[in-house]
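Trainee: Before I ask anything, let me first share the structure, which is written out below as structure tokens.
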Amino acid sequence: MAAYLSRLHHISLHVLNAEKLANDLVSKFKFNLFAARLTDTSRQLALRKGAAIFVVNERPNRRCPYDVRPPVPVDTVSNVCFEVEDVERSFDALRELGCSFLVPPTTVQDGNGSVTYSVLQSIVGNVCHTLIDKTKYKGGFLPGFDVLEKGCSHCPVTHFDHITYACPRKTTQQVMRWYEQLFGFQRFFIDSGEDVDEGFVINQEGIGLRLTAMEYWKCSKAGITLPLLNKKEPDCKFVIAESLPEEETGRNQVDIFLEKHRGPGIQHVGLYTKDIVSTAKTMAAAGVQFFSPPFAYYTKVGKQHEIEEAGHDPQILAQLGILLDTDLHQYLLQVFTKPLFSEDTFFLELIERKGATGFGEGNIRALWRSVQAHLEDERLP
């Protein structure tokens, strides 16, 4: 690998109305606005929940420190920022491999110290990666940001669980190789029966989807796999979603994302929560809208028993749209929000894991159908 990633620092969004989105993240999703950078030329708002940090940028910013303006004219999530130990070394190694940098190593400082960063264009659409070194900075966030004293709302979201890219057909292997070569990402198998070359494929009942996942926490400087118990930060998986040929399954949500977003990009981000029922109830009461999976999901033979065995009430999960998938006494629960932007592009996911590390085939099918039903309703006159 060319650059060693320490941890995921934040995810950046670029939207036409930063204040509105920030208000939604605070009032509905229970994030805390903890830092802001407001000038005559830019507006950047930082919101936190546990280790999950979103930075909301208002477009069009003429200057956008720690980031760049995305080329697409729609609201978008376009920057995944990683902490690294040596920005200059990473810059030299990555540039030698032919990587395109949008911002060369740049140092910013204030009374709390200095931060060095650079911005790298990724292989996925408008997504870029800010590489940042904060080892010489003691402030509350980043130089130039005023740290705000705000009350902390109760909601058990702790970190980003995964980031999902929507990509054109037949590009997955190229994306995987790019992240493996540059940052040492390793393949992560979504399902035990997943094909090494083809990924996790669902091609039936109107679903045409290919998912492939990778993760970065296993890579150390010595190239040694770190055992799970030695992890210092939550790992964040990256998932690549692409649709199967349209003539086989029809037009679907990945194709619609690529059209509405004007190209590949970040389709959704998974928020890990310690208590998905409590989190979903709180968010729903505050106005968050969740996708409703087909009711048949909860009435399948054995599903009620499966939910009860995991200690949950089938009626409550059905009311909230939460899906549960078990595997050898391990299970996970998931639910999708409806899109955050006016376009049917980016949305959030809540996920709770009880030993399960994948995503659950049954859940993937039901979640896919719930999103597909929403998109089809949107297209009705």
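Trainee: Of the residues that sit in the range 151-189 and are over 19 Å from residue 257 (Cβ atoms) and among the β-branched types (Val, Ile, Thr), which one is most open to solvent (accessible area, probe 1.4 Å)?
Mentor: 158
Trainee: Across the range 323-358, which residue is nearest to the chain's Cα centre (by Cα) among those that are buried (at least 21 other Cβ atoms within 10 Å of the Cβ) and in a loop (DSSP other than H, G, I, E, B)?
Mentor: The qualifying residue nearest to the chain's Cα centre (by Cα) is 346.
Trainee: Looking only at the range 277-307, which residues are without any contact (Cβ under 8 Å) to a residue 60 or more places away in the chain, under 27 Å from residue 344 (Cα atoms) and surrounded by fewer than 16 Cβ atoms within 10 Å (Cβ to Cβ)?
Mentor: 281, 285, 289, 295, 296
Trainee: Any idea which residue in the range 1-58 is farthest from residue 261 (Cα to Cα), counting only those that are outside any strand (DSSP E or B) and among the charged types (D, E, K, R)?
Mentor: Of everything passing the filter in the range 1-58, 40 is farthest from residue 261 (Cα to Cα).
Trainee: Next question. In the range 151-172, is there at least one residue being at negative phi and free of Cβ contacts under 8 Å to residues at least 40 places away in the same chain?
Mentor: no
Trainee: Of the residues that sit in the range 48-64 and are open to solvent by less than 20 Å² (accessible area, probe 1.4 Å) and within 18 Å of residue 134 (Cβ to Cβ), which one is farthest from the chain's Cα centre (by Cα)?
Mentor: Looking at the filtered set, the residue picked out is 55.
Trainee: I would also like to ask the following. Which numbered condition trips up residue 364, out of (1) under 24 Å from residue 300 (Cβ atoms); (2) modelled with pLDDT under 90; (3) over 17 Å from the mean Cα position of the chain (by Cα)?
Mentor: (3)
The values are calculated or read from the model by the stated rules, or taken from the named source; none is laboratory data. Nothing here was measured: the structure is a model prediction, and the numbers come from that model. Because the Cβ atoms are built from the backbone with ideal geometry, glycine has one as well, and the counts that use them run over all protein chains shown. Side chains included, ligands, DNA and RNA excluded: accessible areas come from the protein's heavy atoms. Shrake-Rupley method; radii C 1.70, N 1.55, O 1.52, S 1.80 Å.
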